[in-house]
Structures are given as C-alpha cells and as structure tokens.
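The values are calculated or read from the model by the stated rules, or taken from the named source; none is laboratory data. Because the structure is predicted, anything quoted here is derived from the model rather than measured. Ideal geometry is used to build each Cβ from the backbone, glycine not excepted, and the neighbour counts take in all protein chains shown.
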Amino acid sequence: MDPIIGLLVGVIVGALIGYFIVQFFVKKTAQARTEELNAKADLVVKEARLTAKRLVDEAQVKSDKLVSKAESKNESIKQRKIQEAKERFAKMKADVEKQRAQLKVDLKDREVEVVKMENSLKQRQANLQNRVDDLEQQEAEVKTVRENLEKQMRIVSKKKEELESANEKHIRALENVAKLSEAEAKEQLIEAVKSKAEMDAMALVKNTIEQAKITANKEAKKIVIQSIQRMCAEYTIENTVSVFNLDSDDLKGQIIGREGRNIRALEAATGAEIVVDDTPEAIVISSFDPIRREVCRLALKRLVADGRIHPARIEEVVAKTRKQLDEQIIEIGERTVIDLDIHGLDPYLVKMVGRMRFRSSYGQNLLKHSIETAHLCAIMAAELGLSPKQAKMAKRAGLLHDIGKVSEEETELSHAILGMKLCEKYKEHAVVCNAVGAHHDEVEMNNIISPIVQACDAISGARPGARREILESYLKRIGELEELAMGHEGVQKAYAMQAGRELRVIVESEKVTDQYADDLSFMISQKIQDEMQYPGQIKVTVIREKRAVSFAR
C-alpha cells in the first residue's frame, strides 16, 4: 500500500514540476502555446488522478481481503484455544474428582485405624490398671518383709555386738599367752608372707626366663630349618671362562684373521680375552665380567654361522648382540619380578635384577641367590607371624640386597652401602633401604625386616652346595685367621665365625685395658688387610670381660 501511494505522489509531484517548467519555458518562447500546454497539463492531471484513484481502490480491495482473512484466522485460533481450555478444564475436573474419591477412601481407612487404636488404648489402660493393682499388692508384701528384716537386723546387730565383745576377750587372752600385741603379730605375719612370696617370685621368674631361652632357641632353630627345607635350590656351576665349540678346527684361522686382525677387533669390541690354543674344536673366552663374556660368545656364534668375519662386520655384530643382550637382561628382570609378585619396582632396578643373571659370587649365581633369599625372607616372615605387607617388603628387600654388586658405576663403597644408595635414589621404602644396607652390619638395623634379610642371606650362602670353595684352602684360611689374632699379646682365645667373615677375639682382662682393646681390634684388622687374601670383608670383635668368682660353703 505505501509503495503505491509513494509512486502516485511521486508521479503527481513530477507532473507538477514538469508543468511549472513547461509553463516557464512556454512563457518565454510563445504566449500562444500556453493554452495548449495548460490543456495538456490538465489532461495529465486528470489521468494521474484517475490512475491514483484506481490504485487506491485496488489497495483498498487487497486490504479488505487481508483483514477478512486475518479475522477468519483469528476466529479459528480463538475456537481452538477455547476447545483446548475446555479439554484442560475437563481433565482437571476429572483429576479433582479422582483425588476426592481417593481422599474419601483414605478417610475411611483412617477411621478404621483410629477405631483400632482406641480399642488398643482401652486394652492397654485395662492392663495398666491390673498392673497398678498388682504393684499395690506387692508393695504391701514388701512392707511386711521390710518390717521382718528390720526385726532380724536388730537381732543380728545385737549378736554382732556380743561376738565383738567375745572376740576382744579372746584377743586379749591370746596377747597374754603370746606376749605380743595384735599390731606386732600382724607385722610379723606380713613380713613372713612377704619374704616367702619374694622367694617364690624370684624362683618363678628364673624358671620362666630359662624356659623362654630354651623355647626361643628351639623356635629359632625350627624356623630356620623349616625355611631351608621349604626351599629347593640348584648347585653352583658358574665359571669365569666360557668354552665356544667349533664344528671344525679350520674355523680357528678364520676367527684369528690375517695377522690376527679379526681376533684383535673382537677383543677390542667386547673387552673379553679370546684364547685359541691346541684344544680341539674349542675356543676359550675369558673375562671377569660375565656380560662381556656372554656378548663375546653370542657375537662369535653369529659370526661363525654367517661366515663373514672381518673387523667391520665384527663391530656391527657386537653392537647388535650387545643391544640384544640388554633387551634380554630387561626381560629377565621383568620375568623375575613377575614370578616373585613384586610390583612398582623402578625400571632401572628391574634392569639391575636382570644383570644379576650374569654375575656369580664364589660360583653361586647372583640372581639365583637373590631369588632364593627373597623366597626365604617371605617364608621366614610368615613363620614369624608378620603381616602380609611386611612379608612382601621382606621379599622385596631379599631380592635387592645384593644389587650393589651389579652397579654400572665404579666406586669404592661396599656393595651393601652402594645397594642402599641405589634403593634410596629410586624411591624404595626406607625399611627396604635399611635392610639392603644392614645385611653385612655396615649400618645400624632399625626394623624387623633387616635381621630377616641378613639371616636369609647367610642361609642361602652357607647351605651345602651353594658356593664352591676348595675345602683345604678354606680350612687353611680360617686357621691362619685365628693364628694371626693369637699372635698378639693379651689374647686368650680367637674364633673365626660365619665362614670366616667374623673374627672374635677374647682377651685377658688383667693384661688388656679397654683402650688397648680398641687399639687391638684396629691392629688385627690392619694386619689381616696387609697379610691375607679373603673375599668380602671380615669383622673383628675384641671381647674383654671381668669375672669375679667366689664359692659359698
């Protein structure tokens, strides 16, 4: 509607402007044409008016149609809303009726319950009245009994006074006979009973202590024997050399190479010594490090199988073999901790556990020894009645107690201290760290797990067949150790204990002072270091005691 009106207005305004312009030009050009132009202008105006009227009529018709259409649509919406309101009202009315019916039912139920409760209250009231009657009757009976008791109490009191009077007369008679007062007689009796009780108590304590010592020794031996019997371990078979078997002696020349370059390259790459001698179809690989020896053996095996043996190929095969062996070490460590059911171990410590497979001590494989110690620790912890958590911790400490022996870093620390530092570095529990460091008494024990690990380590190392050592050389070393201590002035006896790991020296108290005992311990340990060869360390303990003996006849 608005565009049409705007169009009409625009047309009219344009016509008027044209009209004025035409008039302006017509006045200047010719007065004669004024009427003609006015007529044309009037015609244009009429046409514009007709056009505007026609457009207005069309717009009015359209607007009427739109209004009627909107009214019909509003009517339909109104009817629909009214219908929805009626339906909602009917639904609400039905809900109200339903709730009203439900309330009627609930009211009936409540009326029934109220009637029941009234009947119950009446019954209870009757019961209470009966109880009140019973109580009144009992109260009357109690009153009668109380009066009787009061009479009896008066009689008892009278008899008690008579007994006390007779007792006093009896006591005075006894005092006249014994020539002692009552207080003196009581004091003598108490002293006699007290002295007898003290003697009986001392005898009982002594017997209890002796019985406890006997029982403790028996129980300790029983636990150790049971722990050893429940373990099944292999006999030692480790050596410091490996023998590599050849299919033919012709391969020896190929392994040596021209002017020995192949064997030198292999020794330089592996760090092991290769001995090629007259032994038929065999080469000896020697090294103090079992891992180097194993790398050399595996690399030599691959080279012989491949047939291409030259320095470049040797370096390549050794590198691959070393990488493969590192993976195998990690796999061995992971399999070990899984078999022992140990969780949360640091990957580096797992690798160190795997390295123990290639290390031996006195011929005893270190990994087998550690696994055996771990099992023994768990068994002994269970025999001692420790909690499952402590038993698992003991097993963990038993596995890690010798981990310092396979450390990759060079240090002058003992393997126990080094193992303790490794455990502390990789966030092991303080109890485990102390047990690792204290299993050779190098640090002070501060928990129950430490002595268990120490005992199980000694059991695993001292059992028959665990470690290989020539008996004659062992006995000779023990004898030399005792003789070395006996050579000092003031020494009365010397005993080598714990397979030669400890030397106990007993001195004469009259000849040796406390200060000299300290000096003697240091002198003996220095002499052992200078003159003897021995594995591990030896603890020197000097014992000086003063005994006073006398006899009662």
Handout entry: Subset of the range 248-290 that is among the basic types (Lys, Arg) and surrounded by 14 or more Cβ atoms within 10 Å (Cβ to Cβ) - its residue that is farthest from ARG322 (Cα to Cα)
Key = LYS252
Handout entry: Matching option when the condition is charged (D, E, K, R) and either surrounded by fewer than 16 Cβ atoms within 10 Å (Cβ to Cβ) or not in a helix (DSSP H, G or I) (or both), among GLU334, GLU372, GLU428
Key = GLU428
Handout entry: Inter-residue pairs, beta-carbon under 7 Å, first assigned by TED's automatic domain parsing to the domain that holds GLY6 and farther than 20 Å from GLY10 by Cβ and in the range 43-70, second surrounded by 10 or more Cβ atoms within 10 Å (Cβ to Cβ) and of a type outside the set (D, E, K, R), 6+ apart
Key = SER63/MET1
Problem - Matching residues in the range 350-366 - criterion: being closer than 27 Å to LYS389 by Cβ and in contact with a Gly (Cβ under 8 Å, 6 or more places away or on another chain) - result: VAL350, LYS351, MET352, VAL353, GLY354
